[in-house]
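Participant: Encoded as structure tokens, here's the structure I'll be asking about.
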């Protein structure tokens, strides 16, 4: 398809598409004449992801480029390819402060939890994973604010989230290639996580109404 | 306790505490002389919550005041008191656009899902709940970006989140009064949700490593 059709299909102006092409966020089209390039479904898909990252996720262009580079890196195994793309995204919660003495204590507690859960890979990857660091610094923050941050209390949630992760990966496996799976994982992280948190609040309201009545 | 001790206990400067008192975010102390007031554990607890809302949740002062007013409103039943405090918090995801024709369609789909889930209270509260509106507008956004937003796919997640909500309310019931329960619900929404999303990513990594190996 030509640039005009790509614009119509993706809902983005041709100027925006040209900007993304220049920034290397979308691979160039196949050149057919000196002034004309052909685009295909892969471009539509990629533009959709770039739009989700930048317009909804408010991810900076440089970060988006990094995320996409991981998605396209065929030298990585599947776990790393899915993981590395997600790792490059902005993380939830406060930034880690590994120099904090509280940090080592919270990390040791998380290691204990992972041990009990039998999450041996997460234990092995450890602080290399931004998600691990976010859990640790979240616990440190809670404690600093004067709230009890008992990592043990996370155990039942962690078990439920493991079941949710099973659903997540089942859904990803519907996509035929690892690149498409990585794209879907990234767009889900940006677009579906807020939705899921809203479903959680809705469930809390329902459960509260069941326990205490609606008024 | 006097202001100095309240400052030490809460980790906030006396100037900050005086600002929160002036803004009505913390109830005044019990006046014992013309120049001296006494504070108690309730002030420590309230300051902790105000700090979580403003410093971590980046909630504006006016919003924090609204959240606290709901927590303190003894005319409300428990569900409404917990709910109204959470409803005043900033919501996940994009703002609702009820004029959008796509909105009515997504809302009808969500109603169908709530019907199938048997969440009759959530169905009854409907678009009054910001969480309901956030799910609808999240689905509209996904579709507008060109992603399939099949509300049916949310069903297994919603069932898991209902189990999580059971854990949430069990934890809240540890607190003796409805006011303390509402405070805990609000601080959990601000402080624990990012942590929970990080646990979800950690679970995804673990599940991915189990399915596809670690490299």
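Nothing in this text is a laboratory measurement; each read-out follows from the coordinates by a stated rule. Fair warning: this is a prediction, and the values are worked out from it, not measured in the lab. Using ideal geometry, Cβ is built from the backbone for each residue, glycine included, and neighbour counts are taken over all protein chains shown.
Participant: For a quick check: sort B:200, B:9 by the number of other beta carbons within 10 angstrom, fewest at the front.
Facilitator: With the fewest neighbours first, B:200, B:9 line up as B:9, B:200.
Participant: Rounding to the nearest 10 and keeping the result within 0 to 90°, find how far the Cα-based axis of helix A:154-172 lies from the longest principal axis of chain A.
Facilitator: 20
Participant: Any idea what the relative contact order of chain A is, in percent, if you count C-alpha pairs under 8 Å spaced at least 6 apart?
Facilitator: So the answer I get is 18 percent.
Participant: Just need the relative contact order of the stretch A:96-156 here, percent rounded to a whole number, with Cα pairs under 8 Å and 6+ apart.
Facilitator: The value is 40 percent.
Participant: Moving to a separate point now. Please give the calculated 222 nm ellipticity per residue for the protein assembly as shown, where each DSSP H segment of at least 4 residues contributes -39500 (n - 2.57) and the sum is spread over every residue; nearest 500 deg cm²/dmol?
Facilitator: -21000 deg cm²/dmol
Participant: A further question follows. Can you give me the relative contact order of the stretch B:17-76 as a percent, contacts being Cα pairs under 8 Å and 6 or more apart?
Facilitator: It comes to 26 percent, rounded to a whole number.
Participant: Determine, for B:120, B:137, A:187, the number of other Cβ atoms within 10 Å of each Cβ, and report the residues in order from fewest to most.
Facilitator: By the 10 Å Cβ count, ascending: B:120, A:187, B:137.
Participant: Among A:197, B:162, which comes first, then next, by fewest other beta-carbon atoms within 10 Å?
Facilitator: Ordered by Cβ neighbours within 10 Å, fewest first: B:162, A:197.
Participant: Right, next: Over the Cα atoms of chain B, what Rg and Dmax result, in angstrom?
Facilitator: So, for chain B, Rg and Dmax equal 20.9, 70 Å respectively.
Participant: So, in Å, what gap is there between the alpha-carbon centers of the stretch B:107-144 and the stretch A:150-195?
Facilitator: Each part reduced to its Cα centre gives a spacing of 21 Å.
Participant: Calculate the tail of P(r) for the protein assembly as shown: the fraction of all Cα-Cα distances greater than 33 Å, expressed in %.
Facilitator: Percent of Cα pairs beyond 33 Å in the protein assembly as shown: 40.
Participant: Angle check, please: helix B:130-144 long axis (alpha carbons) against the longest principal axis of chain B (alpha carbons), in degrees 0 to 90, nearest 10.
Facilitator: 40
Participant: How far, in degrees from 0 to 90, does helix A:41-51 lean away from the longest principal axis of the Cα atoms of chain A, to the nearest 10?
Facilitator: For A:41-51 against chain A, the angle is about 50 degrees.
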